[in-house]
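S.K.: My questions all concern the structure below.
Read-outs throughout are calculated quantities, based only on the coordinates presented, and are distinct from any laboratory measurement. Just so it is clear, the structure is predicted and the values come from calculations on it, not from any experiment. Please note: Cβ atoms are built from the backbone with ideal geometry, for glycine as well, and neighbour counts cover all protein chains shown.
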Amino acid sequence: MKRPVGNWFAAGAFALLTTLAGPAFAGYSAIVQAAQSKLAEEGQDPGALDGFMGPNTSRAIAAYQASKGLPETGKLDAATLDSLAIGVSTGLSKSVEDWRPVPTQAEIDAMKEPINAPGNPYADYRPKAPAASLDLPGQAILAAMNASADAYGSRPPDHPKHTPEGLKAMLGCLKTTFYPDHWSDITVHYYCQMSLPRRCFTNALSGKSTGGRKLSRPEAYEGCAGGQLADAGDFGFVPATQPEIFQYVMFGQTHAFDHEQEQAVINAFYGVEDPTDRAECNARRPRRTEDPGDGTHCLVDKEMSRKLVGRSR
């Protein structure tokens, strides 16, 4: 049975606004960044893979269009996005699927040492890195999010598995002032469901539990899963229930995953039926720190208030 739309995380109702006509790309856009990555893979040079539509990116688009026999507009029109296999539709929320199988541990291990900058390899946008351009096991991730949310109460008040503590922890994680802008959307929303297990991983990444030494994501996982780090007992939920999913979602680069698939999984989890309806988006889906505040954060082609940090090559 469909639950009533409740504004359970925002103060006051948000008026229904006009839906977006299409991607404008005036500011930072993950779709532009995806296109830049795909253009680089195709041998074009869009400049820095920064998510901003500048002259280098426009020239690269035009050159790509010419190579494919498309009209040379220099813009990410529908035909060009389709040719680059970048989707911006809003119809996947009701049809989440495993766009790829759940990865094996061997496949995940190949992602642990990406050929990127060693200082923060998972924020580097090298197009052909092992942790880039990844499809999602969407149904499996959605099931893992539901299992975590049910276990730790990070549900809206009208849900039978809701707890005030769990919801508060989830919302606080999404709205952190530490700005996790080197994490993809699916990573943030998946991770924030785990009010207790994530403490071990977070403290290891920040150095709080390791004497100030900030561990890499694979190191943090191994320490938490192996019981060597603080709060590892709570983290035991992860290797017992979803080890491959956790590692796959956490070890992908910032710009790793198909954005259309990401938003489909997230919207399905929160019960968003029409991502273009800004009122419904505001009422059902909480925002991450970097999300826009105008009710467009359920859309694939939203413009984020802070860009997802990364380097080019």
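S.K.: Please give me the summed charge of the neighbours of residue 266: other residues whose Cβ is under 9 Å from its Cβ, Lys and Arg +1, Asp and Glu -1. Don't skip to the end; give the middle numbers.
M.R.: On the way: positive: 285; negative: 185, 262.
Spelling it out: positives minus negatives among the neighbours equals -1.
S.K.: Mind listing the phi-derived Karplus ³J(HN,Hα) values for the stretch 228-244, rounded to whole Hz, using 6.51, -1.76 and 1.60 with θ = phi - 60°, and x for any glycine or proline?
M.R.: Along the stretch 228-244, the couplings run 8, 10, 4, 6, 5, x, 5, 5, x, 4, 5, x, 7, 10, 7, x, 5 Hz.
S.K.: Taking the chain as a Gaussian network, where each spring joins two C-alpha atoms under 10 Å apart, which residue of 290, 219, 280 fluctuates the most?
M.R.: 219
S.K.: Rounded, prolate or oblate: which fits the chain when a ≥ b ≥ c are the square roots of the eigenvalues of the alpha-carbon gyration tensor, with rounded for a/c under 1.5 and prolate only if a/b beats b/c? All intermediate terms of the calculation are to be shown ahead of the outcome.
M.R.: Values: a/c = 1.88, a/b = 1.22, b/c = 1.54.
Note, shape of the chain comes out oblate.
S.K.: Using the Cα centre of the chain as the reference point, and only Cβ charges (+1 on K/R, -1 on D/E), how large is the resulting charge dipole? Debye, rounded to the nearest 20. Kindly include the intermediate steps, with their values, before the conclusion.
M.R.: Numbers: 31 positive and 36 negative charges, 159 e Å.
So the dipole magnitude of the chain works out to roughly 760 debye.
S.K.: To continue, here is another question. As an exercise, take the mean of 1/r over every pair of distinct alpha carbons in the stretch 155-260, invert it, and state the Kirkwood radius in angstroms.
M.R.: Working: mean 1/r = 0.0694 Å⁻¹.
It works out to 14.4 Å.
S.K.: Let me ask another. For the stretch 88-203, build the convex hull from the C-alpha positions and give me its volume per residue in Å³.
M.R.: Working: hull volume 16.9 nm³, N = 116.
Roughly 146 Å³ of hull volume per residue.
S.K.: Going by amide H atoms built from the backbone, whose H comes under 5 Å of the H on residue 134, apart from near neighbours?
M.R.: 257, 258
S.K.: Where is the GNM fluctuation largest for the chain (alpha-carbon springs, 10 angstrom cutoff): 68, 161, 94?
M.R.: For the chain, modelled as a Gaussian network with Cα springs under 10 Å, the answer is 68.
S.K.: Right, something else. Please give the residues of the stretch 262-299, grouped as numeric ranges, whose backbone N is less than 12 Å from a label point set 7 Å along the Cα-to-Cβ vector of residue 175.
M.R.: 286-289
S.K.: Right, another one. So what's the stretch 23-86 giving for Cα Rg divided by 2.2 N^0.38 Å, two decimals?
M.R.: On the way: Rg = 10.1 Å, N = 64, 2.2 N^0.38 = 10.7 Å.
It is 0.94.
S.K.: Using Cα-Cα distances under 8 Å and only pairs 6 or more residues apart, what relative contact order does the stretch 184-310 have, in percent?
M.R.: Numbers: 146 pairs, mean separation 26.2, N = 127.
Answer for the stretch 184-310 is 21 percent.
S.K.: Run down the aspartates and glutamates and flag those whose C-alpha is under 16 Å from the C-alpha of residue 175, throwing out any fewer than 8 positions away in its chain.
M.R.: 165, 185, 290, 291, 294
S.K.: Still on this structure, please answer the following. Treating cross-link reach as a plain straight distance, find the aspartates and glutamates whose alpha-carbon is under 17 Å from the alpha-carbon of residue 168, omitting any fewer than eight places away in the same chain.
M.R.: Cross-link targets: 150, 158.
S.K.: Hey, what number do you get for the chain at 222 nm if only DSSP H runs of n ≥ 4 count, each worth -39500 (n - 2.57), divided across all residues, to the nearest 500?
M.R.: On the way: 14 runs with 127 residues, N = 313.
Computed ellipticity for the chain at 222 nm equals -11500 deg cm²/dmol.
S.K.: What is the sum of charges, Lys and Arg at +1 and Asp and Glu at -1, for the other residues whose Cβ falls under 11 Å from the Cβ of residue 183? Working shown, then result.
M.R.: Values: positive: 217, 288; negative: 181, 185, 290.
Result for the local shell: -1.
S.K.: Evaluate the relative contact order of the stretch 91-284 (contact order divided by residue number), counting alpha-carbon pairs under 8 angstrom at least 6 apart; express in whole percent.
M.R.: Numbers: 290 pairs, mean separation 59.0, N = 194.
This gives 30 percent for the stretch 91-284.
S.K.: Relative contact order for the stretch 23-86 using alpha-carbon pairs under 8 Å, separation at least 6, rounded to a whole percent? Numbers along the way, then the final one.
M.R.: Numbers: 79 pairs, mean separation 18.6, N = 64.
Over the stretch 23-86, the number comes to 29 percent.
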